[in-house]
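**Student:** Before anything else, here's the structure in question.
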Amino acid sequence: MIGIMKKLLSVPVLITVLSAGFIAVGVMALAIYLFVVPKLPPIENLRDIQFQVPLKIYSKDEKLIAEYGEKKRVPLDIEHTPQLLINAVLAAEDDRFFQHHGVDYRGLLRAVVYLLRTGQKGQGGSTITMQVARNFFLSREKTYLRKLNEILLALKIEREISKNEILELYLNKIYLGNRSYGFAAAAQVYYGKRLEEMTPAEIAMIAGLPKAPSRYNPIVNPDRALLRRNYVLSRMRTLGKLSEEQYQEAKNSIDTSRFHGLRREVSAPYIAEMVRAALIERLGKETYTSGYKVYTTIDSRLQLAANKALRDALMAYTERHGFRGAEANVDLAQTDENDESSYRAILSDYQSINGLWPALVISVGEKDALVYQSRHGKLVLDWQGMKWAAPWRGDGKMPGKRPKKAADILRVGDIIRITQTTKTKVQQDSINTVSWALAQVPHVEGALVSLSAHDGSVLALVGGFDFNKSSFNRVTQALRQPGSNIKPFNYSAALEKGYTAASLINDAPIVFDDPGLESTWRPENYSGKVFGPTRLRQALIKSRNLVSIRLLRSIGISYAIDYITRFGFKAKHLPRDLSLSLGSASITPMELVTAYAVFANGGYKIDSYFIDRIENSDNVVIMTSNPLVVCEVCENYPEETAVGMETERLNDVTGLTKVDHVPEITSMLVPVNISETPDAMYLANIEHSESLLPQRRAKRIITSQNAYIMNSILRDVVKLGTGRRALQLKRSDLAGKTGTTNDQRDAWFSGYNPDIVTTAWVGFDTPQPLGSRETGGRAALPMWISYMAEALQGLPDQALERPPGLVSVRIDPESGLLVSAGFQGALFETFRADNVPKSMTDEDTGMSNVMSTDGGFAAPDEIPEQLF
């Protein structure tokens, strides 16, 4: 045997073996060069790689509304990456990253030794550069060929791009569990923090995830994740990146990771869905992956006010109509009152709906009840929070008798809804006694939308009680009858045809046997009474139906339809019969609020819009809005004078922003700085003109005289009529109109001041009566008032400026005719200069000169809302 070994180790044999080895290596290298290297993917595009970054939607004041996209990713710039994260990642994955040239031969040697020892392929030797090669170009299958490609690609990458560029690609690309890609996204998902806010322990936790995101997920496998975190911390200490004191503090810290969803700063889900749908239509599927940032016209402060206003109004309505009872009842006989896990299991199928929390009734006292809520624990409902709950007798019906004790309302095992009414907390026998109240999810729905009267930018929009409960957007999708909300447009049409605010129309019974109607129609006023000859101003203030019908018949249905379509209403949704006078059309709240903006801004047609601009992932504006803007001074003054006047006006209306439109999708969004754009889409450039005058000026659709008179009448609706509740805002520049349809199926209020126009609606999705006295003034107006109280904060009260061509004269309130200064009971009314009424015959008129300077009359104690 020894002789044989000596022969094998002889010099000629050894040379032969080594030569054969070198030849084999050479042949292998040549084969790799000829057959493997040419098939390697090009890496030139790595520098220009576009990560799949989700769509983000923001308010006008840059607060996050929503995020859409399968992959959660927050792009990270290496120059702004915390050094602590870099140290942790290198300690966990590749501590020799800055020493090797893409391949760590020590690691590869360990992997070879493991293979020879066990006969199995194992992990080891994958540098960060090799992981970048695999993640961008290769599959994750464990084959020798893939490993060879990985090594060759890593060497190629290191030759062509810098270490920092490679590290940046890695930090952004790597998958870290829970749909998070990249470390910035992982920081938000697991800890709800930005990277710079994280502790060493938290950084080490996410730095340990790349090896096995599922196995070391701190939410799913906290024990394994803790071991991995401590290993990373130990490596950081060994490498001198943490002191002993820092290491011990981090190692002993308790992990607080949990799933953190979107860090939404503004609740505006209906607007978010409108934006998403608009971008999908225009940009396609890349909407979700290209990192677009959409800045809407929404004002976060006003959106918050709108959310609260709608919620409060619908909750008030549902309380007025009684308690429908528990959502379910369960037997608690087998549950341990000290084991809250059983309570949580019972409530697990019930989700919170717009701040209405599911709760389980544990015990019922004389005037209170003990309930359990999964997030807040045991709570006490006192009598103040449940005494409203008279028995429900059906939607739209008045409730039964008021309860006298808690047992009249609740029983043990009931699953109910509760809502927090105050944030004051008191500790009592280890039970949190908070001001909570019994609640229920409203069956009734609502909508609120608010625009800038100057350019149509949507300032706030709420399309329903809860988006997760129903994503149907009642602002843009619900075609409802507007009732008396339509009347101002018919009255404006009458003024254009020669009628005046003092014209008399007989408020008397009327019967129609119209072939266009299904049966004989006997309309009536809400009160059932008639009042004889009535001036148009008074008829609109009191919402007299019979006057509106006769007025429409007089001016003609075809004329009226042609006229009111100027305001944006669709002719196909307007009935071609006299029921149009009472609001039997089909109109969305968005159409209605846009139409009322014409009165608010003095006669100009603007379009509603909700997207201001779109930025790409590099924060470059790629699309911007180009809305129609009201510029009254533009048509009346030379440009130099107009600029000065517009500057002054804008200074007076600080807080209102000019932004963009898209309800009929994105017709007003235009590309920015794209000179090769071949078609008419290229309407504007981001480098706006230095002139403060708008590029696209809104068209006047009614005369300034018509707009003034209508504003005057609609201000009287608030001062003297069905909108009097709005006087609590203590402003003199408010105007508007209530609307209530037949059987109180829809309740409306549309109103405005010269800057902001808002429409509120309440009704059931499947039309049915809201109930007795649930008129626009009761069901919808409080929502409008609550919102406008916040929206008008800081905006000055604005007088109604009278345009040229109008005169104010004294008239007899009974006949509407011109009278002299001595006429007793006379009042002032405004007319076009060419349309002043005739004088009364000279009679003894007396000498009393009692008249109203606002064109109105003594306010009655209560003005009933009229049917329709």
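**Student:** How many residues are farther than 11 Å from Lys71 by Cα and open to solvent by 50 Å² or more (accessible area, probe 1.4 Å) when one looks only at region 172-214?
**Tutor:** Number satisfying all stated conditions: 8.
**Student:** Just wondering, is there one or more residues in region 248-261 that are assigned to a helix (DSSP H, G or I), open to solvent by less than 60 Å² (accessible area, probe 1.4 Å) and in contact with a strand residue (DSSP E or B) (Cβ under 8 Å, 6 or more places away or on another chain)?
**Tutor:** Within region 248-261, not a single residue is assigned to a helix (DSSP H, G or I), open to solvent by less than 60 Å² (accessible area, probe 1.4 Å) and in contact with a strand residue (DSSP E or B) (Cβ under 8 Å, 6 or more places away or on another chain).
**Student:** Just checking, how many residues over region 594-624 are of a type in the set (Asp, Glu) and either open to solvent by less than 10 Å² (accessible area, probe 1.4 Å) or out of contact with any Lys or Arg (no Cβ under 9 Å at 6 or more places or on another chain) (or both)?
**Tutor:** Number of matching residues: 2.
**Student:** Just to be sure, is Ala735 at negative phi, at pLDDT below 95, crowded, with 16+ Cβ neighbours inside 10 Å and in contact with a strand residue (DSSP E or B) (Cβ under 7 Å, 6 or more places away or on another chain)?
**Tutor:** No.
**Student:** Then there is this: For region 418-510, please list each of the strands (runs of 3 or more DSSP E) lying entirely inside it that holds at least 2 residues being at pLDDT 95 or above and β-branched (Val, Ile, Thr).
**Tutor:** Fully inside region 418-510 and qualifying: 458-462.
**Student:** Say whether the condition of being without any contact (Cβ under 8 Å) to a residue 12 or more places away in the chain and either open to solvent by less than 10 Å² (accessible area, probe 1.4 Å) or over 41 Å from the mean Cα position of the chain (by Cα) (or both) is met by at least one residue in region 501-510.
**Tutor:** No - not one qualifying residue is present in region 501-510.
**Student:** Among the numbered criteria (1) touching a helix residue (DSSP H, G or I) at 6+ places or on another chain (Cβ under 6 Å); (2) open to solvent by 10 Å² or more (accessible area, probe 1.4 Å); (3) touching a residue at least 12 places away in the same chain (Cβ under 8 Å), which one does Ile549 miss?
**Tutor:** The failed condition is (2).
**Student:** Condition check: modelled with pLDDT of 95 or more, open to solvent by less than 20 Å² (accessible area, probe 1.4 Å), in contact with a strand residue (DSSP E or B) (Cβ under 9 Å, 6 or more places away or on another chain) and outside any strand (DSSP E or B). Does Val717 satisfy that?
**Tutor:** Against the criterion (modelled with pLDDT of 95 or more, open to solvent by less than 20 Å² (accessible area, probe 1.4 Å), in contact with a strand residue (DSSP E or B) (Cβ under 9 Å, 6 or more places away or on another chain) and outside any strand (DSSP E or B)), Val717 qualifies.
**Student:** Kindly indicate the residue of region 90-132 that is modelled with pLDDT under 85 and of a type in the set (Ser, Thr, Tyr) and also nearest to Gly208 (Cα to Cα) among those meeting that condition.
**Tutor:** Checking each candidate, the answer is Ser126.
**Student:** Suppose we keep only residues that are within 16 Å of Leu90 (Cα to Cα) and among the acidic types (Asp, Glu) within region 154-211. Which one would you say is farthest from the chain's Cα centre (by Cα)?
**Tutor:** Glu165
**Student:** Got a sec? Which strands (runs of 3 or more DSSP E) wholly within region 749-843 have at least 3 residues that are open to solvent by less than 50 Å² (accessible area, probe 1.4 Å) and under 30 Å from Met590 (Cα atoms)?
**Tutor:** Hits in region 749-843: 756-763.
**Student:** Can you say whether Leu792 is at pLDDT 95 or above and touching a Lys or Arg at 6+ places or on another chain (Cβ under 6 Å), as far as the supplied structure shows?
**Tutor:** no
**Student:** Looking at region 149-160, I want the residues that are over 13 Å from His100 (Cα atoms) and have a partner that is open to solvent by 40 Å² or more (accessible area, probe 1.4 Å) and not hydrophobic (A, V, I, L, M, F, W, C) with Cβ atoms under 6 Å, at least 6 apart or on another chain. Which pairs are those?
**Tutor:** Final answer for the pair search is none.
**Student:** Another question, if that's okay. Does Ser581 satisfy the condition of being surrounded by 13 or more Cβ atoms within 10 Å (Cβ to Cβ), polar (S, T, N, Q), touching a residue at least 40 places away in the same chain (Cβ under 8 Å) and touching a Gly at 6+ places or on another chain (Cβ under 8 Å)?
**Tutor:** In short, no.
**Student:** While we're on this one: Can you find even one residue in region 291-310 that is touching a helix residue (DSSP H, G or I) at 6+ places or on another chain (Cβ under 9 Å), over 28 Å from Arg194 (Cα atoms) and surrounded by fewer than 19 Cβ atoms within 10 Å (Cβ to Cβ)?
**Tutor:** yes
**Student:** May I pose another question? Restricting attention to region 572-624, which residues are of a type in the set (D, E, K, R) and either part of a strand (DSSP E or B) or within 26 Å of the chain's Cα centre (by Cα) (or both)?
**Tutor:** Listed by number, the residues that qualify are Glu591, Lys605, Asp607, Asp612, Arg613, Glu615, Asp618.
**Student:** Can you name every residue in region 368-394 that is open to solvent by 20 Å² or more (accessible area, probe 1.4 Å) and closer than 25 Å to Asp349 by Cβ?
**Tutor:** Passing the criteria: Leu370, Ser374, Arg375, His376, Lys378, Val380, Trp392.
The values are calculated or read from the model by the stated rules, or taken from the named source; none is laboratory data. Nothing here was measured: the structure is a model prediction, and the numbers come from that model. When we count neighbours, we look across all protein chains shown, and the Cβ atoms used for this are built from the backbone with ideal geometry, even at glycine. Side chains are part of the model used for accessible areas, which takes the heavy atoms of the whole protein and leaves out ligands, DNA and RNA. Shrake-Rupley method; radii C 1.70, N 1.55, O 1.52, S 1.80 Å.
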